[in-house]
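Everything on this sheet refers to the single structure shown next.
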Amino acid sequence: MALAGALILLGCAPRPKEATGSLPRPVPPRPADTWTLEEVRDSVLSMVQGVVAPGDTAVHLRVEPAMFRYWYVPDSASGYAVHALVNRDSSSCLLGEMERALTHHGWAMHHGYAADGPDGSAMGFVTSRHLCVVEGAWDGGDDSDPRYVPAIGCEMTVTCVPRRQDDEPR
């Protein structure tokens, strides 16, 4: 009797799907132009993590909400900042690596957000909806004192906010 009951239960079980031999179609990634600001933040964090050598304990990362003042319009916006504190000698402060990473991921240079000086540098990158400004800051030394030894290390900050179409140099 137990065997007959087991056969009845097996007969009611759903049939497994038939194998078709075809692979499921991958879902194409959404273009960066459709991302939310949180997706931009996560993507930028992933890029920063990707330019830091695995196991490099001299680089410390943090992410936080940030306020950003646009350079060309009297306005500010809430966004996110990814910080990389580099506690070693770093001539590039990861700026070149971030420029290549953002360009590789489809971001275009915003030349109005470019600046360079002895104590830091800035570069702007845009999609149709977002602006990210990559800034590096370091001790550039003291040209008036030849004995001055600059401090080692630097900080790179990538701040991302909604893009304003009117935020352009005049």
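Just a few scattered comments:
- In the range 141-170, the residues that are free of Cβ contacts under 8 Å to residues at least 40 places away in the same chain reach residues that are among the polar types (S, T, N, Q) with C-beta atoms within less than 8 angstrom, at least six apart or across chains, in these pairs: 163/127; 163/128.
- The residues in the range 59-103 that are modelled with pLDDT of 90 or more and either on the phi > 0 side of the Ramachandran plot or of a type in the set (A, V, I, L, M) (or both) can be counted, and the count is 17.
- If you go through the range 46-78 and keep only what is in contact (Cβ under 8 Å) with a residue 24 or more places away in the chain, assigned to a strand (DSSP E or B), within 20 Å of residue 126 (Cβ to Cβ) and among the aliphatic types (A, V, I, L, M), you end up with 66, 77.
- Within the range 108-120, the set of residues being surrounded by 14 or more Cβ atoms within 10 Å (Cβ to Cβ) and either in contact with a His (Cβ under 6 Å, 6 or more places away or on another chain) or at pLDDT below 95 (or both) comprises 120 only.
- Taking the criterion of being of a type in the set (Gly, Ala, Ser) and crowded, with 16+ Cβ neighbours inside 10 Å, the residues of the range 76-91 that qualify are 77, 79, 81, 84, 90.
- Scanning the range 105-160 for residues that are out of contact with any strand residue (DSSP E or B) (no Cβ under 9 Å at 6 or more places or on another chain) and part of a strand (DSSP E or B) yields a total of 1.
- The range 35-45, subset out of contact with any Leu (no Cβ under 9 Å at 6 or more places or on another chain) and touching a residue at least 60 places away in the same chain (Cβ under 8 Å), residue farthest from residue 124 (Cα to Cα): 35
- Taken residue by residue, the range 39-62 has no member that is touching a Ser or Thr at 6+ places or on another chain (Cβ under 9 Å), surrounded by fewer than 16 Cβ atoms within 10 Å (Cβ to Cβ) and not aliphatic (A, V, I, L, M).
The values are calculated or read from the model by the stated rules, or taken from the named source; none is laboratory data. Keep in mind the model is a prediction, meaning the values are calculated, not measured. Virtual Cβ from ideal backbone geometry, glycine too; neighbours counted across all protein chains shown.
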